[in-house]
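So the structure is just underneath, and the comments pick up after that.
The values are calculated or read from the model by the stated rules, or taken from the named source; none is laboratory data. Since the structure is predicted, the reported quantities are computational estimates derived from the model, not experimental observations. Reconstructed Cβ throughout: ideal geometry from the backbone, glycine too, with neighbour counts over all protein chains shown.
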Amino acid sequence: MEPNTPAPAASALADLAGALAGGDVTVVDLTAPLSDRTPALVLPEPFSNLEDFSLEEVSAYNEAGPFWKHHNIRTGEHIGTHLDAPVHWATGRNGKNVAQIDPGRLVGRAVVLDFAAEAAAEPDFLIDIPDLLSWQQSHGDFQTGDWLLFRTGWDRYADDRTAFLNADETGSHTPGFTAEAARWLAEETPISGVGVETVGIDAGRGAELDPPFPMHHFLLGADKYGITSLRHLDRLPRRGAVLVVAPLPIVGGTGSPARVLAMVEDA
Ligand code: MN
């Protein structure tokens, strides 16, 4: 296109911008607020845990900075709503770090699968291949670049660390996926990634599956990505929303807190 060529009157982006400006398309924030109270995964002994998020004041319109306020932030990579990059897992160790992910993979169709009833009845509920095949039969096959978002209703616990992690002496009890479903999603579908409402992309009892933590094992090993601690998935249609996933491009990073937005067309 010549530098001064006006944009065509009709284009997909012009239509989108108009719909956003006119309110026919709205933006839903699927991100949990990030603070020192944001619940994070707690690994048992002897494993090491990440630091929670915190803010450290450097100046606040005072002697340290009379006209400005600013902070240092401290945080583990995998805190709050965040993206898991391939190098996070042993199976993806030769794969991409979070700064290397193709940005085109971070924007795509949002496909919402609702298992809130199953998870309410059984916190250890695991989504299996027949559940996914049945969804495809009703709503169409998963397509290249899709982001599968699994609604379990778990975001209602997101402000209560104890309920969110739901741990007892036998471990954490939160919903997730069977090892077979994880392998199938990673190897048999063209999706970009999977988003969940829980603290991690694997079930609370994922360590007991074979292989352990199969979502991490298979997805990250297949250059697919995970996002956790989503909320407001109930505001999305099963199909038709567009997801924007925005992790920080931390060079060498295994993941990053991410802002996750969905563009939704009013019915
Ligand atoms: Mn993570």
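What to note about this one:
- Of the residues Leu185, Leu165, the single one that is within 18 Å of the chain's Cα centre (by Cα) and in contact (Cβ under 8 Å) with a residue 60 or more places away in the chain is Leu165.
- Matching residues, region 176-209, being within 21 Å of Glu122 (Cα to Cα), touching a helix residue (DSSP H, G or I) at 6+ places or on another chain (Cβ under 6 Å) and more than 16 Å from the ligand (Cβ to nearest atom): Ala179, Glu180, Ala181, Leu209
- Flag if Ala64 is more than 27 Å from Pro249 (Cβ to Cβ) and touching a strand residue (DSSP E or B) at 6+ places or on another chain (Cβ under 8 Å): yes
- Considering region 53-92, the residues that are within 16 Å of the ligand (Cβ to nearest atom) and over 18 Å from the mean Cα position of the chain (by Cα) include one that is surrounded by the most Cβ atoms within 10 Å (Cβ to Cβ), namely Thr91.
- In region 251-267, residue farthest from the chain's Cα centre (by Cα) [restricted to those that are within 13 Å of the ligand (Cβ to nearest atom) and either modelled with pLDDT under 95 or in a loop (DSSP other than H, G, I, E, B) (or both)]: Gly253
- Each residue in region 147-164 was checked for being crowded, with 20+ Cβ neighbours inside 10 Å and either within 22 Å of Leu243 (Cα to Cα) or in contact with a strand residue (DSSP E or B) (Cβ under 6 Å, 6 or more places away or on another chain) (or both), and 9 of them qualify.
- Of all residues making up region 199-218, the number that are touching an Asp or Glu at 6+ places or on another chain (Cβ under 9 Å), buried (at least 24 other Cβ atoms within 10 Å of the Cβ) and free of Cβ contacts under 8 Å to residues at least 60 places away in the same chain: 2
- Of Gly195, Gly226, Gly200, all but one fail to be in contact with a His (Cβ under 9 Å, 6 or more places away or on another chain), outside any loop (DSSP other than H, G, I, E, B) and modelled with pLDDT of 95 or more; the exception is Gly226.
- The conditions of being within 16 Å of the ligand (Cβ to nearest atom), in a helix (DSSP H, G or I) and over 19 Å from Ala85 (Cβ atoms) are met by Phe164.
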